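Some notes on the structure that comes next.
The values are calculated or read from the model by the stated rules, or taken from the named source; none is laboratory data. Model, not experiment: these values are computed from the prediction. All Cβ positions, glycine included, derive from the backbone under ideal geometry; neighbour counts span all protein chains shown. With ligands, DNA and RNA removed, areas are computed over all heavy atoms of the protein, side chains included. Shrake-Rupley method; radii C 1.70, N 1.55, O 1.52, S 1.80 Å.
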Amino acid sequence: MTAVAKLGPRAARRAAKLEATASRLEALTLPESGEWLRRARETALARLREIGLPDRRDEYWKFTDPATLVRTDAPAAALFEITDEAMVFDAIDRLRVVFVDGVFDPDASDELEAEGLEIVRLADAGGRDIHWAQELFGALEAEGQDPVTRPLAALNTAVATDGVLIRATARVARPVSLIYRRRDPSAELALHHVVKVEPGAELTLLENGPGAARVSTVTEMCIGDGGVLHHVRAQGRDHERRAITHLFARLGEQSVLKSFTLSANGALTRNESVVWLNGKGGSAHVAGAAMGDGAFHHDDTVFITHAAPDCESRQVFKKVLRHGAVGVFQGKILVHQAAQLTDGYQISQALLLDETSQFLAKPELEIYADDVKCSHGSTSGEIDADQLFYLRARGLPEETAKGLLVLAFLAEALDEIAREDLAEEIREKLRGWVSRHR
Amino acid sequence: MLEIKNLHVKLEEEDKAILKGVDLTVEAGKVHAIMGPNGSGKSTLAYVLSGRDGYEVTEGSIMLEGHDLLDMEPEERAAIGLFLAFQYPVEIPGVGNMTFMRTAVNALRKARGEEEMSSAEFLKAVRAKAKELKIDAEMLKRPVNVGFSGGEKKRNEILQMAMLEPKMCVLDETDSGLDVDAMRLVADGVNALRDAGRGFLVITHYQRLLDHIRPDVVHIMADGRIVKTGGPELALEVETNGYADILAETGAAA
């Protein structure tokens, strides 16, 4: 202790943080695995020991308390009364990969093979030589630690027991659908996925379900030149579940990423997206609709780097909050000097349905190129009285009118879903939520 | 059909009387016009009729076919057949015009205990009405009033009126912001809806709309009261001489 006392305040804080991290990681044993995977996990663990686990005093954790994400045991979370059949995307023809309480369920899953696709379970991958996945696994996460650390992503790389490694080599129409079911109220889940879209290939990746009492997912995405990746995610309806998710996406020339996340309910959700536009003419859209009523804390943290010229990015995040729900948005656009002709757009908006709810936003632009177009906006407000009156004057009951205006508020985020059948599935869930929360 | 008796209204937030004893009866099948200078209380009357917040009725009553309007929510008033065509129709981004109108039509049908219309039935009906009113069907696909020109907004109001088939139509300054051609289209729409079972209250500052929608009765409103009532010739008198003479003659302040 005397040694710590001699340090300056920042160094002392760092020492204390690393000590806390070391003690939290002490009992940790890495999952059994083959050579390359074990090495990746050990490296991740070393990385985590170096950066330390997050606490409330970290700049990007001011609005969201990571304590329940960091602590050794996850708080239990009641199972929501919902049948698996009622889950989103049921109407969509898709290749299903099912996890129950974070464990792969081969009986509920489809055969992991399809034209133009390679799919390997992470649990089976360690002993095999899968070059395309080895190059990416933990590598994008490691790259994503700078300039802002993502310690819980490093933890995920170290401890995730399973996940899928997906490689698309052609335009694949049928989506790959990761389904996270729950059975045990206290089960925890850590899954790590790698998605590689080869040049000119196209893939739609779906994720849905509450997953576990505490969820950690990392998805590393690499999209080759001219490749397209659609990602649509719905995080279940369980009120008490906690989730920390990370997307790391690297885009090549003329490639496209469209990612949309629906979060209805959930005690704590932090969705981080880290995107690099590394090739000329790339396009990255990251969007989300979040609805919370009561004990709900939802955080979207986004970092988009324009490293190449003539790329476009959009961040569109909408939150509907009620009865003390809290929404957080931390979004950044970083434009490198080389990234001339950048077109960046960022909007984060909250619709506060009462005076007890709260929206905290931290929009950031950092621009080093001179010929760019970047706009950002952040607002929070209530339902527009003139719009509400107009609808009621046409005969819509007040609650119906409010529901319609809530859906209208969310519409811009939903517009980011390219496939209309997927958008309609999400819209249906939104309508359901709105009609239940009157 | 519509009976307004001794209506006194003040703004809720400040102690300012706007309507100071309005008496007015509109019979079924008739078109009544209310004219008056700015600030006379015409638009307040329209809003109070439709149930907008922000106004306090301190005295008097409004009955529509035996229903006490002042006891009812805006949507309940719509359900018994009241329709207000807004002076400034509200833009609602994110809500499709078609969805909006179908929801409104079905809300009214439901409130009246009628079967809801299917999407297909509604689509057919709204297309037919739009054609009658010379409204581009493209307008139905756009969000409610978003990016509409002044004329399109007003025609959209008339289309809603046609779809909702109200008994009592209140048109608040429907001519404002319209050129002559646009006004004629709107007036044609209104005239097409004139019917023995339907009453109209047309609020306007200028006489020109009344060239196209011929009123049965014209009221002049000033300082929160109806100060003069007459036939269509009263509108022409306003057109020729302005409000000053009438106001002087009736002893009302402008």
So the pair-distance distribution of chain B, from every Cα-Cα distance in 5 Å bins, comes to percents of 1, 6, 13, 17, 19, 17, 13, 8, 4, 1, 0, 0
Sum -39500 (n - 2.57) across every DSSP H segment of at least 4 residues in chain A, then divide by the residue count to get the 222 nm mean residue ellipticity, nearest 500.
-7000 deg cm²/dmol
How much of the DSSP beta bridge set in region A:34-383 is antiparallel, as a percent to the nearest 5?
5 percent
Using Cα atoms only, what is the angle between the long axis of helix B:180-193 and the major principal axis of chain B, expressed in degrees (0 to 90) to the nearest 10?
80 degrees
Please report, in debye to the nearest 20, how large the charge dipole of region A:1-57 is about its Cα centre when each Lys and Arg carries +1 at its beta carbon and each Asp and Glu carries -1 there.
420 debye
Which chymotrypsin sites (Phe, Trp or Tyr not before Pro) in region A:367-438 sit in a loop by DSSP (not H, G, I, E or B) and have at most 13 other Cβ atoms within 10 Å of their own Cβ?
A:Tyr368
Determine the relative contact order of chain A: mean sequence separation of Cα pairs under 8 Å and six or more apart, normalised by residue count, in whole percent.
11 percent
To the nearest 20 Debye, how big is the dipole of region A:34-383 about its Cα centre, given +1 on the beta carbon of each Lys and Arg and -1 on that of each Asp and Glu?
480 debye
Expected output for region A:378-395, residues with a loss of 30 Å² or more in accessible area relative to the chain alone at probe 1.4 Å, reads A:Asp386, A:Gln387, A:Phe389, A:Tyr390, A:Leu391, A:Arg392, A:Ala393, A:Arg394, A:Gly395
So, for the protein assembly as shown, what is the accessible surface per residue at a probe of 1.4 Å, expressed in square angstrom?
40 Å²
List the residues of region B:91-126 whose accessible area drops by at least 40 Å² when all protein chains are present, compared with their chain alone, using a 1.4 Å probe and counting only protein heavy atoms.
B:Ile92, B:Val95, B:Phe100, B:Thr103
Quick one: 3J(HN,Hα) in Hz for region B:14-28, Karplus 6.51/-1.76/1.60 with θ = phi - 60°, rounded, Gly and Pro as x.
9, 8, 10, 6, 10, 9, 10, x, 8, 10, 7, 10, 10, 8, 4
Please state the relative contact order of chain B as a whole percent: Cα pairs under 8 Å, 6+ residues apart?
29 percent
C-alpha long axis of helix B:119-132 to longest principal axis of chain B, angle in °
50 degrees
Roughly how much of A:Glu382 is accessible, in Å² to the nearest 10, using a 1.4 Å probe?
140 Å²
Relative contact order %, region A:153-296, counting alpha carbon pairs below 8 Å whose residues are six or more apart
20 percent
Candidates per trypsin sites (Lys or Arg not before Pro) in region A:221-259, loop by DSSP, up to 11 other Cβ within 10 Å:
none
Fraction of beta bridges assigned by DSSP in the protein assembly as shown that are antiparallel (%, nearest 5)
20 percent
Just tell me how shielded A:397-410 is by partners: mean number of partner chain Cβ atoms within 10 Å of each residue's Cβ, no decimals.
4
Among B:Gly151, B:Val202, B:Val217 the positive-end extreme of the charge dipole of region B:130-224 (Cβ point charges):
B:Gly151
Given the options A:Gly116, A:Val88, A:Ala76, identify the residue whose Cα lies farthest towards the positive end of the charge dipole of region A:34-383 (+1 on Cβ of Lys, Arg; -1 on Cβ of Asp, Glu).
A:Ala76
Find the centroid of the Cα atoms in region A:364-422 and in region B:174-208, then give the distance between the two in whole Å.
33 Å
Treating only Lys and Arg (+1) and Asp and Glu (-1) as charged, each at its beta carbon, one finds that the protein assembly as shown has a dipole about its Cα centre, in Debye to the nearest 20, of 1020 debye
Please name which of A:His231, A:Trp276, A:Ala385 has its Cα lying farthest along the dipole of the protein assembly as shown towards the positive end, using unit charges on Cβ (Lys, Arg +1; Asp, Glu -1) and the Cα centre as origin.
A:Trp276
Restricting to DSSP loop positions (anything but H, G, I, E, B) with no more than 16 other Cβ atoms inside 10 Å of their own Cβ, which trypsin sites (Lys or Arg not before Pro) remain in region B:37-136?
B:Arg112, B:Lys134
Could you sort the peptides B:213-225, A:16-28 by per-residue average Cβ neighbour count (10 Å cutoff), highest mean leading?
B:213-225, A:16-28
Solvent-accessible area of A:Asp225, probe 1.4 Å, all protein chains present, reported in Å² to the nearest ten, please.
80 Å²
Select from A:Met291, A:Met87, A:Met221 the residue whose mean-square fluctuation is largest in a Gaussian network model of chain A (Cα-Cα springs shorter than 10 Å).
A:Met87
At a 1.4 Å probe radius, carbon and sulfur cover how many percent of the accessible area of the protein assembly as shown?
48 percent
Just to check I understand the Karplus step: with θ = phi - 60° and J = 6.51 cos²θ - 1.76 cosθ + 1.60, what whole-Hz values come out for region A:160-165, glycine and proline as x?
4, 8, 8, x, 10, 10
